[in-house]
Amino acid sequence: LGFLGTYLLSELLKQTEARVYCLVRASTLAEAMERLQIALSQRGLWDKQYGHRIEPLLGDLQHVNWGLSEKKFAQLAVKIDVICHNGAWVNHIYPYDILKPANVLGTKTVLKLASTTRTKPVHYISTISVFSAELEKVMADTPLQKPEILVNGYAQTKWVSEALLQKAKERGVPVTVYRPSRLIVPPPFSAKAHADDIFQRTLQTYTQLGTIGGTAESEENILPIDWASRAVVTLSTQPQAHNKKYHLVH
């Protein structure tokens, strides 16, 4: 369970009364539940009163049907009402081809689930990086540019996933897209740093080297994680806010 995913799970449990099904890479359901509880506890988000509403699913985004059997997948399609797709392999070094199975094919499975048995709304967590940093002004309804201008494999997978979602939307699947800032950090006044985040690693590198990279004109858009997760869940629970695109930036 990733950084944003942990906070999204917490907000879903707090803001709704829904049973939340979570795809987890694990060998047993007990191990999967333990991983979820540890992830929440490490962020100070675990609340045992919500534990009975968390339903772990053993699987992996990059496998066919996420590794679920046809029977299990069909049962899931009957049970769920809404899909919040935040799962992805976040890596800013690997090329598109390596990230495609988890990020693009995983999204195709989301659309398969969303259109099986009955149509279900999809809330997709993308990234503002689907737009080139060279653009001076980007609005939520700004059309996506050609993917060739993106040099980041992760951003490319998000671009392709958004294109797939747009096609599904044109065919009747309700799709809402959220594009968070590239740099998502812990809540203000929190001592719980996100050790695997590129921004945190950059600061650590500057400290170790005793020097700072970039130029005086460099800017970074830094977004607090609690604000981002609350925004996604709040919008996802308001029908009048669906079928739109939102930029979650500072």
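Brief remarks follow.
Residue-wise test of (1) surrounded by fewer than 14 Cβ atoms within 10 Å (Cβ to Cβ); (2) under 24 Å from Arg230 (Cβ atoms); (3) of a type in the set (A, V, I, L, M, F, W, C).
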| residue | (1), (2), (3) |
| --- | --- |
| Glu11 | no, yes, no |
| Gln15 | no, yes, no |
| Thr28 | yes, no, no |
| Ala39 | no, yes, yes |
| His52 | yes, yes, no |
| Leu68 | no, no, yes |
| Phe73 | no, no, yes |
| Lys79 | yes, no, no |
| Ala88 | no, yes, yes |
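- Residues of segment 99-127 that turn out to be of a type outside the set (D, E, K, R), more than 17 Å from Glu70 (Cα to Cα) and surrounded by fewer than 19 Cβ atoms within 10 Å (Cβ to Cβ), as a count: 3
- Complete set of residues in segment 165-203 that are among the polar types (S, T, N, Q) and modelled with pLDDT of 85 or more: Gln166, Thr176, Ser181
- Residues (surrounded by fewer than 16 Cβ atoms within 10 Å (Cβ to Cβ) and farther than 18 Å from Pro95 by Cβ) located in segment 145-162: Gln145
- Candidate set from segment 54-66 (those that are closer than 14 Å to Gly106 by Cα and not in a helix (DSSP H, G or I)); member that is most open to solvent (accessible area, probe 1.4 Å): His63
- Among the residues of segment 163-186, those that are in a helix (DSSP H, G or I) and open to solvent by less than 20 Å² (accessible area, probe 1.4 Å) comprise Leu165, Ala168.
The values are calculated or read from the model by the stated rules, or taken from the named source; none is laboratory data. From a predicted model like this one, the values you see are computed outputs, not experimental measurements. When we count neighbours, we look across all protein chains shown, and the Cβ atoms used for this are built from the backbone with ideal geometry, even at glycine. Just the protein is used for accessible areas: all its heavy atoms, side chains included, with ligands, DNA and RNA removed. Shrake-Rupley method; radii C 1.70, N 1.55, O 1.52, S 1.80 Å.
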